[in-house]
Amino acid sequence: MSKQMTGAQIFWTCLEREGVKHVFGLPGGAVIDLYDELTRFPQIKHYLVRHEQAAVHAADGYARASGMPGVVLVTSGPGATNTVSGIASAYMDSIPIVVFTGQVPTALIGNDAFQEVDIVGITRPCTKHNYLVKRVEDLAHTIHEAFYIARSGRPGPVLVDLPKDVINGRCVPKFPETIKIKSYNPTYHANPRQVRRALNLILEAEQPVLYTGGGIILSDASEELIKFAETLQIPVTSTLMGLGGFPGDNPLWLGMLGMHGTYAANMAVANSDVLIAVGARFDDRVTGKVDEFAPRAKIIHIDIDPSSISKNVVVDIPLVGDCRDALMQLNELLAEQEPRDWAKVREAWLETIRNWQRKYPLTYNKSNPDVIKPQFVVEKLYELTNGEAYITTEVGQNQMWAAQFYKFKKPRRLMTSGGLGCMGYGFPAAMGVQVAKPDALVIDIAGDGSIQMNIQELITVVEHNLPVKIAILNNTFLGMVRQWQQLFYGRRYSQTSLAAAPDFVKLAEAYGAVGLRATKPEEVEPVIKEALNTPRPVVMDFRVDPEECVMPMVPGGKAMHEMILPA
């Protein structure tokens, strides 16, 4: 006969059954009984963060690197509200995390009790689903359902709110083996007739382009994408979220698309006759002026989320399904076709693209030998890591330079807050990546503005000996906002100066990490080498050109072919 268990016992048993080995969190009164019970589950390792936002970003980075849902546990009230930015970021980028928040006892809900907030109501717009558990008998089923929803279909964050009396309640639990939700049945298998229609259109195309997004990464569709692109010799571009889904050193690679995309990528899409969008959502940073986006192209859109199709750009052939499944079907149909010399068929189109690449490569001004250019730092990071590192970024110029100058060869190697653009993401995300990949080299490419938003987590990585490397591109500004002020607001640098700043080397040392600094170009490589050879957390402070801009750039409201190019 099954025995009674407390809600706290049921909670950790459920996490164990879901395969959870790591949890990021911060305790408080509402969840103190969960933390007490945790001491009896040594197989689950908890990472005590110093701010709840960092816990969610860490779980996000963990999920991206591992492919498994990241898990967060925080207390009620401010503990719960501090998670919102991280949850919203995960929601925008379709990252599977499960966030558990404490709540006041059910009898006090609605009474404005101490540390009570309606976190279910607050997060309803930025979670895939959320729950308020009202009975201990419902706890095991709710947790299993939460993990199922987070990882299935289009992934996303799920929040479970746990009142204190539910945590302390007792029952004989029933642990479900399977989950069936009548109103939730994601479509994984793309319609074969639509797949055949799409392939026929692609085979007739003269100037096709593959435009890929984060769905390629989430569905582990990289190998199928490479096979399809190389067979038909179709050039490939991607969104920020899709970087690494197609090798950055492949001859068919165009670079990133969009506001800070490459000239070749933006021009290829603008001149394409068939655009194959795979796991991308036609975000405004990619399309620019929608009326002039890919004006000549017939558009095929593959996505597991039907609500994303024709949401921003009307498409000609919709394919609802998993990216990997759809590409597998396309490759199978392609194998049945009469062999053709696709390199010869695409020769003129690919030569046009190569001409764009030769004429307008990603570049920067190297004339001043005494000034460190931020792009040079990223290039050196790529060179000295052979493109094999796991890279996280903060948000702003550092993020764009990482996307442009680090050639991502493999999926799940870039972690960045794409949709929300959440400053303070990169460092705690790197912490989560390092937990997921303990033997890997993990580098956060940061700005001196973003890094200060969650720099308190230095003590967390030191405590757990997580050898994360932080490369701060220190330009003494909120760089991206300053860039806009420089280009469009007459250099009126209103509230973007960060000249009043800490000494990052001393700050690193105060936390027990290693601090290094480079002020001249010739110091960059030695600093990076020393950091890479140090088996401890390291902060690298690179003093870079304060007025360097991210180029190319498409101004707001312009079409993607209307780029400002490097001088």
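Within segment 473-500, restricting attention to residues that are β-branched (V, I, T) and in contact with a Lys or Arg (Cβ under 9 Å, 6 or more places away or on another chain), which residue is nearest to S85 (Cα to Cα)? Break it down into steps so the answer makes sense when it comes.
So in segment 473-500, the residues β-branched (V, I, T) come out as 476, 481, 496.
Going one step further and asking which of them are in contact with a Lys or Arg (Cβ under 9 Å, 6 or more places away or on another chain), we end up with 476, 496.
Values: T476: 25, T496: 22 Å.
Among those that are β-branched (V, I, T) and in contact with a Lys or Arg (Cβ under 9 Å, 6 or more places away or on another chain), it is T496.
Residues in segment 353-363: is at least one buried (at least 24 other Cβ atoms within 10 Å of the Cβ) and either part of a helix (DSSP H, G or I) or without any contact (Cβ under 8 Å) to a residue 12 or more places away in the chain (or both)? Write out each step before concluding.
Within segment 353-363, the subset buried (at least 24 other Cβ atoms within 10 Å of the Cβ) is none.
No - not one qualifying residue is present in segment 353-363.
Quick grid of which residues meet (1) among the small types (G, A, S); (2) touching a helix residue (DSSP H, G or I) at 6+ places or on another chain (Cβ under 7 Å); (3) closer than 16 Å to C323 by Cα; (4) buried (at least 18 other Cβ atoms within 10 Å of the Cβ):
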position	(1), (2), (3), (4)
G156	yes, yes, no, yes
V172	no, no, no, no
P176	no, yes, no, no
K180	no, no, no, no
T187	no, no, yes, no
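Scanning segment 379-402 for residues that are in contact with a helix residue (DSSP H, G or I) (Cβ under 8 Å, 6 or more places away or on another chain) and surrounded by fewer than 23 Cβ atoms within 10 Å (Cβ to Cβ) turns up E379, K380, Y382, L384, T385, A389. Pull up segment 274-314, narrow it to residues that are under 14 Å from N191 (Cβ atoms) and touching a residue at least 12 places away in the same chain (Cβ under 8 Å), then point me to the one that is surrounded by the most Cβ atoms within 10 Å (Cβ to Cβ). If we take residues in segment 274-314 being under 14 Å from N191 (Cβ atoms) and touching a residue at least 12 places away in the same chain (Cβ under 8 Å), then I302 is surrounded by the most Cβ atoms within 10 Å (Cβ to Cβ). Considering the conditions (1) assigned to a loop (DSSP other than H, G, I, E, B); (2) touching a helix residue (DSSP H, G or I) at 6+ places or on another chain (Cβ under 8 Å), Q495 is excluded by exactly one of them, (2). Remark: M480 falls outside the filter, which requires a residue to be part of a loop (DSSP other than H, G, I, E, B), under 14 Å from P374 (Cα atoms) and under 26 Å from the mean Cα position of the chain (by Cα). I122 - would you say it is of a type in the set (A, V, I, L, M) and either in a strand (DSSP E or B) or over 21 Å from G29 (Cβ atoms) (or both)? Answer is no for this residue. A single entry from A63, A80, A107 fulfils the requirement of being closer than 19 Å to G419 by Cα and among the hydrophobic types (A, V, I, L, M, F, W, C): A63. Is there a residue in segment 62-74 that is surrounded by fewer than 24 Cβ atoms within 10 Å (Cβ to Cβ), at negative phi and among the basic types (K, R)? No, segment 62-74 has no match at all. In segment 252-346, counting only strands (runs of 3 or more DSSP E) that sit wholly within it, the ones holding 1 or more residues that are assigned by TED's automatic domain parsing to the domain that holds K227, modelled with pLDDT of 95 or more and among the aromatic types (F, W, Y) span 253-256. Residues in segment 9-56 that are small (G, A, S), crowded, with 17+ Cβ neighbours inside 10 Å and under 28 Å from the mean Cα position of the chain (by Cα): G25, A54, A55. Residues in segment 334-343: is at least one free of Cβ contacts under 8 Å to residues at least 24 places away in the same chain and aliphatic (A, V, I, L, M)? Yes, because at least one residue in segment 334-343 is free of Cβ contacts under 8 Å to residues at least 24 places away in the same chain and aliphatic (A, V, I, L, M).
Among the helices (runs of 4 or more DSSP H) lying completely within segment 161-234, list those that include at least 1 residues that are more than 30 Å from A107 (Cα to Cα), modelled with pLDDT of 95 or more and in contact with a strand residue (DSSP E or B) (Cβ under 7 Å, 6 or more places away or on another chain).
Details: elements: 164-168, 192-204, 214-218, 222-232.
The helices (runs of 4 or more DSSP H) meeting that bar are 192-204, 214-218, 222-232.
For I451, indicate whether it is closer than 21 Å to G242 by Cα, crowded, with 17+ Cβ neighbours inside 10 Å and either among the aliphatic types (A, V, I, L, M) or not assigned by TED's automatic domain parsing to the domain that holds D283 (or both). No: the conditions fail for I451.
Do we have N130 as free of Cβ contacts under 8 Å to residues at least 60 places away in the same chain, among the polar types (S, T, N, Q), farther than 30 Å from P438 by Cα and touching a Lys or Arg at 6+ places or on another chain (Cβ under 9 Å) here? Against the criterion (free of Cβ contacts under 8 Å to residues at least 60 places away in the same chain, among the polar types (S, T, N, Q), farther than 30 Å from P438 by Cα and touching a Lys or Arg at 6+ places or on another chain (Cβ under 9 Å)), N130 qualifies.
Based on this model, can you work out whether T392 counts as outside the structural domain of A58 (by TED's automatic domain parsing), touching a residue at least 60 places away in the same chain (Cβ under 8 Å) and closer than 21 Å to E530 by Cβ? Can you show your working first?
Values: outside the structural domain of A58 (by TED's automatic domain parsing): yes; touching a residue at least 60 places away in the same chain (Cβ under 8 Å): yes; closer than 21 Å to E530 by Cβ: yes.
Spelling it out, T392 is indeed outside the structural domain of A58 (by TED's automatic domain parsing), touching a residue at least 60 places away in the same chain (Cβ under 8 Å) and closer than 21 Å to E530 by Cβ.
The residue that is nearest to the chain's Cα centre (by Cα), counting only those in segment 80-111 that are more than 16 Å from G29 (Cα to Cα) and surrounded by fewer than 17 Cβ atoms within 10 Å (Cβ to Cβ), is G110.
The values are calculated or read from the model by the stated rules, or taken from the named source; none is laboratory data. Remember, it's a predicted structure, so these values are computed and weren't measured experimentally. Ideal geometry is used to build each Cβ from the backbone, glycine not excepted, and the neighbour counts take in all protein chains shown.
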